[in-house]
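The values are calculated or read from the model by the stated rules, or taken from the named source; none is laboratory data. Fair warning: this is a prediction, and the values are worked out from it, not measured in the lab. We place every Cβ from the backbone using ideal geometry, glycine too, and count neighbours over all the protein chains shown.
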Amino acid sequence: MSALADVEILAPADEEVLTREALGLVARLHRKLNPRRRELLERRHERQLELDAGALPGFLSQTKDVRDAEWCVAGAPADLRDRRCEITGPVDRKMMINALNSGARVFMADYEDACSPRWENVVEGQRNVADAVRREISLETPDKTYSLNDEIATLLIRPRGWHLPERHARVDGEPVSASLFDFGLHMACNAREQLDRGSGPYFYLPKLESHLEARLWADAFALAEEELDLPSGSIRCTVLIETILAAFEMEEILYELRDWGCALNAGRWDYIFSAIKKFRARDWVLPDRVQVTMTVPFMRAYTELLVRSCHRRGAHAIGGMAAFIPSRKDPEANEIALTKVREDKERESGDGFDGSWVAHPDLVPVCTEVFDGALGERPNQLERLREDVVPDEAALLSIPDTPGEITDQGMRTNVSVGVRYLDSWLQGIGAAAIDNLMEDAATAEISRSQIWQWVRQGRVDEQRVRHEIEHVDAGEEAKQLFAAVALSEELEDFLTLPAYEHLD
C-alpha cells in the first residue's frame with residue numbers, strides 16, 4: 001500500500017506510470033464528479049424498476065427543443081475525418097503493435113470489454129499506450145521482433161464504463177471510478193504529447209444509458225482540459241450506442257458532447273444484451289444469438305436511426321463489429337465467414353455508415369475495400385442525411401418481432417462460450433479467440449443473459465444447463481461463476497462486477 005498524491009494505491013505502485021501529476025488529476029476528477037456518478041447509477045436502478053413494473057422508454061418530451069433545434073457537433077480533426085475501417089483490441093503490447101500496423105484508419109485500445117482488469121493489465125496497459133503515443137512501443141520475443149511501421153492507425157482509448165470501480169485505488173477512503181482512473185491517467189500522461197504530435201486525446205465512451213451520463217463525461221473533459229491547461233475542445237470522443245435506452249437519446253447525447261466533436265458507434269453485441277436485461281420482466285424472448293442479426297427489425301431500426309441522428313448533426317456514424325477470426329487451417333470456412341463479413345459491411349456502407357469495426361488484422365482489407373467502394377475519394381459520407389428514416393419508438397421496441405427459434409445447439413453454444421470466456425477472463429485475458437470468433441465481455445453477456453431469460457421463461461431446463469456447464473473444458477471457478485450469473489434469481493447488471501471480485 002502506498003499514498004501517491006491524494007490517491008491511496010492498494011497494490012504495487014509503478015511511479016513511472018502512476019505519477020503524482022496523473023494521480024492528482026484522478027483525485028480531482030473523482031472528488032468533483034463521483035457523487036454525480038453515484039446518483040446516475042442509482043437512477044439506472046430506479047429506471048430498471050420502472051421498466052420491470054411495465055414502463056416503456058420513449059423519446060424525451062423535455063429535450064424536444066434539442067432535437068428540433070439547428071446545431072452540429074464540432075468538426076473532426078484531420079486524423080479522424082476518414083474512419084472507414086477501425087480495429088479494436090486490448091491494451092496488450094503485441095496486440096497493440098499489430099493493430100496499429102494493420103492498415104486500419106483507427107485503432108481503439110480497450111481497457112473495457114476486451115481487457116481483464118487485473119491490476120497488472122491496467123498499469124501495463126497505461127505504459128503500453130504511453131509508449132505507443134511516443135512511437136516507442138516494441139516487443140522482442142524468441143520468434144519475432146515487433147515494432148511500429150512508419151504509417152500507423154490513429155489511436156483512440158476506451159476507458160471502463162461508469163458502473164465499474166478501480167478497487168486498487170482509493171480517494172478519501174472510497175474506490176475510484178474506473179472510468180475516471182483510466183481517463184485521468186491517460187490525459188495526464190499523454191494528452192499534451194498527442195497534441196504536440198498533431199493528433200489528440202481521443203476516446204470511445206462505453207455503456208452510456210442517457211444524455212445525463214454523457215453530460216458527466218462532458219464535465220470530465222472540461223475539467224481535465226482546464227487542469228492540464230489544454231485548449232478547450234482538444235479532446236474528441238465517440239459514444240457507443242450499446243444500450244437500448246441510449247437509442248432513444250442519441251441526438252441529446254451528441255448535443256451534450258458537441259464541443260468535443262462527438263460521433264456514435266453501433267455497439268451491436270452489448271445492445272442485444274441490453275434489450276434482454278432492460279425488458280427482463282417481459283416475455284420478449286430472443287432466439288439463438290446467431291439468429292439475432294443486424295437485419296432483424298429492432299436492430300435495423302436502431303442502426304438506421306443512428307446514421308440519421310449522426311449525419312444531421314455533422315457527426316460520424318461507425319458500424320458494428322466483425323468478430324470473425326480467420327483460420328489458416330480451414331479455407332472453406334474462411335470463405336463462408338468472409339462472405340458474411342463482406343455482406344455485413346456492404347449493408348452498413350449502403351446504409352450510410354462512415355466506417356466500421358473489425359476484430360482481426362486479416363479483416364482490415366475486406367472492410368476497407370467495401371468502404372472504398374462506397375466512399376471513393378471521399379473521407380466519409382456525412383452528406384447522406386437519411387431523411388427517409390423516421391424516428392419510431394415502436395420500431396426500436398420491436399423486439400418481439402425477431403424471427404428465429406431457441407435450439408439445443410444455441411443453449412450449448414451459450415454455455416460453452418460463456419464459461420470458456422470467463423475462464424480466460426479470470427486468467428487475465430479479456431479478448432479470447434473461441435470457435436473462430438473474438439469473444440469479449442459483451443458476447444459473454446449475451447450468452448449468460450440468454451440462458452437466464454430462457455430458463456426464467458421455461459424454454460430451457462435449469463438442470464440441463466447445469467449439466468452442460470459441467471461438461472465444458474474450463475476451470476471450476478469459471479463454471480461456478482457462470483452458473484451464478486446465468487442462473488441467479490435476479491439478473492446481475494453486469495457479469496464483470498461479481499467476476500471482478502475474483503481477480504487479483
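Here are some notes:
- Test: residue 78 is surrounded by fewer than 13 Cβ atoms within 10 Å (Cβ to Cβ), closer than 28 Å to residue 200 by Cα and modelled with pLDDT of 95 or more: yes
- Among residues of the stretch 296-350 being outside any helix (DSSP H, G or I), at pLDDT 95 or above and out of contact with any Phe, Trp or Tyr (no Cβ under 8 Å at 6 or more places or on another chain), the one that is surrounded by the fewest Cβ atoms within 10 Å (Cβ to Cβ) is 314.
- Any hit, the stretch 159-171, residues being over 23 Å from residue 93 (Cβ atoms) and acidic (Asp, Glu): no
- In the set (1) of a type in the set (Ser, Thr, Tyr); (2) farther than 30 Å from residue 250 by Cα; (3) more than 21 Å from the chain's Cα centre (by Cα), residue 102 fails one condition alone, (3).
- When the criteria are applied in full, residue 93 fails the requirement of being over 24 Å from residue 176 (Cα atoms), crowded, with 24+ Cβ neighbours inside 10 Å, basic (Lys, Arg) and at pLDDT 95 or above.
- Qualifying residue in the stretch 261-274 (condition: closer than 17 Å to residue 446 by Cα, outside any helix (DSSP H, G or I) and modelled with pLDDT of 95 or more): yes
- Taken over the stretch 213-252, residues that are assigned to a helix (DSSP H, G or I) and closer than 22 Å to residue 303 by Cα amount to 9.
- Qualifying residue in the stretch 182-196 (condition: within 30 Å of residue 248 (Cα to Cα) and within 18 Å of the chain's Cα centre (by Cα)): yes
- Residues of the stretch 427-467 satisfying the condition of being hydrophobic (A, V, I, L, M, F, W, C) and under 20 Å from residue 407 (Cβ atoms): 434, 437, 444, 446, 451, 452, 454, 455, 460, 465
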